[in-house]
1. Just for the chain, what percent of DSSP beta bridges are antiparallel, to the closest 5?
2. Please give the net charge around Leu106, taking every other residue with its beta carbon less than 15 angstrom from that of Leu106, where Lys and Arg add +1 and Asp and Glu add -1.
3. Please return the longest stretch of the chain lacking exposed loop sites, where GluC sites (Glu not before Pro) count only if DSSP places them in a loop and at most 16 other Cβ atoms lie within 10 Å.
4. Rounded to the nearest 20 debye, what is the charge dipole size of the chain about its Cα centre when +1 sits on each Lys and Arg Cβ and -1 on each Asp and Glu Cβ?
5. Rank Arg232, Arg34, Arg226 by accessible area, highest first, at a 1.4 Å probe radius?
6. Around Ile148, with a cut-off of 11 angstrom between Cβ atoms, what is the net charge of the other residues, counting Lys and Arg +1 and Asp and Glu -1?
7. State to the nearest 20 debye the size of the charge dipole of the stretch 16-130 about its Cα centre, where the only charges are +1 on K and R beta carbons and -1 on D and E beta carbons.
8. Given only helices, namely DSSP H runs of n ≥ 4 each adding -39500 (n - 2.57), what is the per-residue ellipticity at 222 nm of the chain, to the nearest 500 deg cm²/dmol?
Amino acid sequence: MLINHSNDACSQIWPTPWHQSGFFHQYLHDGITRQVYINHVKSNKPCLLLIHGFPTSCYDWKPLWLTLAQHFHLITLDLLGYGLSDKPSNATYTFSLQADIIEDVLKHQGIKEFHILAHDYGDTVAQELLARHGQPNDNDDFDIKSTILLNGGLFPETTRPILTQKILLSPVGFLVAKFFSFKKFIANFNHICYQKVPVADLAIHWQLIQHNQGVDVIHKVIQYIRERQVHRHRWVNALQQYPQPLRLINGICDPVSGQDTLMRFEQLIEQADTIALLETGHYPQIENPHAVLVHCVNFWRQHKIIPPADAEQ
């Protein structure tokens with residue numbers, strides 16, 4: 001249980017049940033203990049790992065959470081540099097590090113088999129996990145039973161960063177980050193989302209970005225865009241070679257990774273399973289949670305991951 005400290009810079013968000021129900025996991029990295037925020041719903045059902053995107057946090061999954069908990073043992077986390085987790089100024093925020101942290105969390109939770117639901121930045125974390133554990137291996141610590149991806153930069157050639165991201169990537173990114181404001185955050189969100197998100201909800205996301213001086217490291221975190229180009233072959237190959245059920249659910253009105261990404265997925269992934277969401281942008285799980293749930297549940301039922309509807313009556 002998280003504790004509400006009146007002098008905490010993020011105290012405005014603590015009353016949300018989401019944050020009060022979580023806990024912190026200690027991860028040792030380069031001799032330094034880092035804290036990452038975990039939220040979960042334990043049950044004897046199959047385990048679903050949810051991995052969030054940039055620049056938000058696992059709070060992105062709240063619109064789906066209660067319904068998903070009917071079908072799965074849920075676990076999610078704020079990746080390092082995000083949300084309530086630590087945001088060290090001297091860290092190199094690589095996808096490999098984020099995957100290492102997830103593996104450490106899963107081991108501490110005693111989880112070996114799991115399914116993935118990922119979005120945006122989380123898609124590439126998922127690709128790294130698939131590159132490590134996507135093939136059947138009796139000696140492997142983990143078995144990824146299925147994967148669903150939402151809008152994200154799966155292919156550098158079809159991903160179009162917005163202007164703010166390009167500037168943050170530049171040599172003056174650290175200076176620009178200091179002027180990143182709630183007003184600018186709202187403008188960027190409205191640009192990438194087809195369905196407008198209520199300002200009150202965006203305020204919570206913004207508080208989570210600011211927590212632990214997060215704006216001061218956002219120019220470091222966003223270097224992931226370059227990393228995707230360097231490791232494209234590894235991460236695309238992880239999708240192509242993955243033998244388990246795989247689906248892409250894509251909001252095609254997304255200016256960053258919309259219809260072009262969906263079409264590229266269909267070109268490169270054999271027997272591609274894709275869902276195009278109309279009138280939906282970059283954050284399907286926030287903009288159109290009902291449709292995302294419908295297509296996720298249908299996928300899991302199709303592959304006998306969860307029981308059919310009549311068995312749940």
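1. Working: 11 of 32 bridges.
Around 35 percent antiparallel, to the nearest 5.
2. Summing Lys and Arg as +1 and Asp and Glu as -1 gives -3.
3. 1-269
4. Using only the charged Cβ atoms, the result is roughly 560 debye.
5. Arg226, Arg232, Arg34
6. Neighbourhood net charge equals -1.
7. Details: 7 positive and 11 negative charges, 84 e Å.
Here the stretch 16-130 has a charge dipole of around 400 debye.
8. Value at 222 nm, helices only, nearest 500: -11000 deg cm²/dmol.
The values are calculated or read from the model by the stated rules, or taken from the named source; none is laboratory data. Everything numeric here is computed off the predicted structure, so don't read it as measured data. Glycine also receives a Cβ, built like all others from the backbone with ideal geometry; neighbour counts cover every protein chain displayed. Surface areas here come from the heavy atoms of the whole protein model, side chains and all, with no ligands, DNA or RNA. Shrake-Rupley method; radii C 1.70, N 1.55, O 1.52, S 1.80 Å.
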